[in-house]
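Before any comments, here is the structure.
The values are calculated or read from the model by the stated rules, or taken from the named source; none is laboratory data. Fair warning: this is a prediction, and the values are worked out from it, not measured in the lab. All Cβ positions, even for glycine, are placed from backbone atoms using ideal geometry, and neighbour counts span all protein chains on display.
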Amino acid sequence: MSTEKQTCALIEEVITQFAIKGRLVKKEPYGNGHINDTFLLVYETENGSRRRYILQRMNHDIFKNPHQLMENVVNVTEYLRGVILTQGGDPDRETLNVVKTSDGASYYKDQKQNYWRIFLFVERTLCFEKVESPKDFYDSAVAFGNFQRMLTDFPAENLYETIPNFHNTPSRFRDFLKAVQEDKMGRAALAEEEIAFALAREKDTAVLTDLLGEGKLPLRVTHNDTKLNNILFDEADRKALCIIDLDTVMPGLSLYDFGDSIRFGASTGAEDEQDLSKVTLDLALFEVFTKGFLEGCGTSLTETEIEMLPMGAKLMTYECGIRFLADFLMGDVYFRTHREHHNLDRARTQFKLVSDMEAKWAQMTAVVNQYKGICR
Ligand code: ADP
Ligand code: GN1
Ligand code: MG
């Protein structure tokens, strides 16, 4: 049987475990995530109406403890549900909703040790792979800032660290060094320039973790994967509606969320663009995002957090670059790839962006200074 057919058969078995009414009429791969296997399910009920769901096979090579992961997701979404209700919002659309199994569990483990979960599909939404208008990016900034604010009182001690040291850049650097030293696939020769670029910036890696260690930056509950395609926009008014991909919601720095959004959204090129002349930091997008994020976070950010925003952008971009490069060197074992050297192309865009940020540092700082009054 082909892998595709095997997956189809597996899905047929898996869905019988979940408490969903109706008949499955369609199932297909969905979305552009790099980590989980995502499928769209369409069900038809007896009265002929259709309902859609998102089925995901969690990547348990990466998320070593899917049980704890789902406990986080359930706790966070239930907490957010309460906050959204008090704000007069619609929790069925403004946060993820986990569909339980017939046994009341939040996931199902099949006989092949795959872990599956189902979410309600948030209907009538748009999901962007790149910024189409500055206003969308601004809205995403307000939403990510707000997300952090909504979770201010969430008991962080109840959260498991789903991927330890996820945004610990010095630890990522050590992993990268190991990948270079081992050079398992004999690919280091193909990436000499990129390796040199990364090594030359070692001293930057500990800037944020040092400030955290010295108590100068507060630990918060953050999303940690704030790519533009991890947010759904309402089709009706094009406003940011629902923040998704909650697998990495963990204690972290506000700068991680700010920086990761800039890395992905304020670049003039795609994350895997091969023509590096197309990849630069769009200062106008940096500006709208800074304004929106500061508004969304409200008064919660400290002076040091605000001052470090450009560093957050640079370090998250650099860190993602070394993660892509390490994965390229190790044989593409982490990020899903779709072509030869895909992870190397991705690393190159990140490093191009880092050097452009270095060139535009004064302007980035000026933007932050211009807007820092907003949240005071
Ligand atoms: P990954 O961790 O692999 O990035 P995501 O959870 O981000 O997986 O899902 C991949 C894509 O599926 C998203 O970018 C989005 O387009 C879509 N998606 C995920 N959850 C939902 C949902 N509940 N409703 C509608 N679309 C969704
Ligand atoms: C992954 O899951 P996804 O595709 O939204 C990764 C992020 C990276 C991103 C790069 C759990 O995000 O950390 O920044 O790819 N997620 C995980 O595109 O590693
Ligand atoms: Mg995602």
Working only within segment 245-278, note down all residues that are outside any helix (DSSP H, G or I), in contact with a Lys or Arg (Cβ under 9 Å, 6 or more places away or on another chain) and either more than 11 Å from ligand 2 (Cβ to nearest atom) or among the β-branched types (Val, Ile, Thr) (or both).
Pro251, Gly252, Leu253, Ser267, Thr268, Gly269, Glu273, Gln274
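Do we find a residue being of a type outside the set (Val, Ile, Thr), within 16 Å of ligand 2 (Cβ to nearest atom) and within 27 Å of the chain's Cα centre (by Cα) anywhere in segment 72-92?
Step one: filter segment 72-92 for residues of a type outside the set (Val, Ile, Thr), giving 72, 75, 78-82, 85, 87-92.
Of the ones still in play, those that are also within 16 Å of ligand 2 (Cβ to nearest atom) are 72.
With the extra rule that they be within 27 Å of the chain's Cα centre (by Cα), the set shrinks to 72.
Yes; the residues of segment 72-92 include at least one that is of a type outside the set (Val, Ile, Thr), within 16 Å of ligand 2 (Cβ to nearest atom) and within 27 Å of the chain's Cα centre (by Cα).
What number of residues within segment 1-18 are surrounded by fewer than 16 Cβ atoms within 10 Å (Cβ to Cβ) and over 28 Å from the mean Cα position of the chain (by Cα)?
Filtering segment 1-18 for residues surrounded by fewer than 16 Cβ atoms within 10 Å (Cβ to Cβ) gives 1-6, 8-9, 12-13, 16.
Then drop every residue that is not over 28 Å from the mean Cα position of the chain (by Cα), which leaves 1-2, 5-6, 9, 12-13, 16.
Final tally of qualifying residues: 8.
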Members of segment 25-72 that are within 21 Å of Glu161 (Cα to Cα) and touching a helix residue (DSSP H, G or I) at 6+ places or on another chain (Cβ under 7 Å)
Met58, His60, Phe63, Leu69
Search result, residues across segment 29-54 that are surrounded by 11 or more Cβ atoms within 10 Å (Cβ to Cβ) and more than 16 Å from ligand 2 (Cβ to nearest atom):
Leu40, Leu41, Val42, Tyr43, Glu44, Thr45, Arg50, Arg51, Arg52, Tyr53
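Please tell me if Glu161 is closer than 25 Å to Val99 by Cα and surrounded by fewer than 17 Cβ atoms within 10 Å (Cβ to Cβ).
Details: closer than 25 Å to Val99 by Cα: yes; surrounded by fewer than 17 Cβ atoms within 10 Å (Cβ to Cβ): yes.
Against the criterion (closer than 25 Å to Val99 by Cα and surrounded by fewer than 17 Cβ atoms within 10 Å (Cβ to Cβ)), Glu161 qualifies.
Would you mind finding the one in Val368, Val333, Val354 that is surrounded by fewer than 16 Cβ atoms within 10 Å (Cβ to Cβ) and modelled with pLDDT of 95 or more? Please lay out each step first, then the result.
Details: Val368 fails: surrounded by fewer than 16 Cβ atoms within 10 Å (Cβ to Cβ); Val354 fails: surrounded by fewer than 16 Cβ atoms within 10 Å (Cβ to Cβ).
Every option except Val333 fails the conditions.
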Would you confirm, using the coordinates I've provided, whether Ser277 is over 26 Å from Ala240 (Cα atoms) and in the same structural domain as Glu182 (by TED's automatic domain parsing)?
yes
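Checking the condition of a type in the set (Lys, Arg), surrounded by 19 or more Cβ atoms within 10 Å (Cβ to Cβ) and outside any loop (DSSP other than H, G, I, E, B), which residue from Arg117, Arg93, Arg81 passes? Break it down stepwise before answering.
Working: Arg93 fails: surrounded by 19 or more Cβ atoms within 10 Å (Cβ to Cβ); Arg81 fails: surrounded by 19 or more Cβ atoms within 10 Å (Cβ to Cβ).
After ruling out the rest, the residue left standing is Arg117.
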Lone qualifier among His60, His34 - being out of contact with any Leu (no Cβ under 8 Å at 6 or more places or on another chain) and closer than 25 Å to Phe147 by Cβ:
His34
Looking at segment 53-62, is at least one residue over 21 Å from Asp110 (Cβ atoms), polar (S, T, N, Q) and within 15 Å of ligand 1 (Cβ to nearest atom)?
no
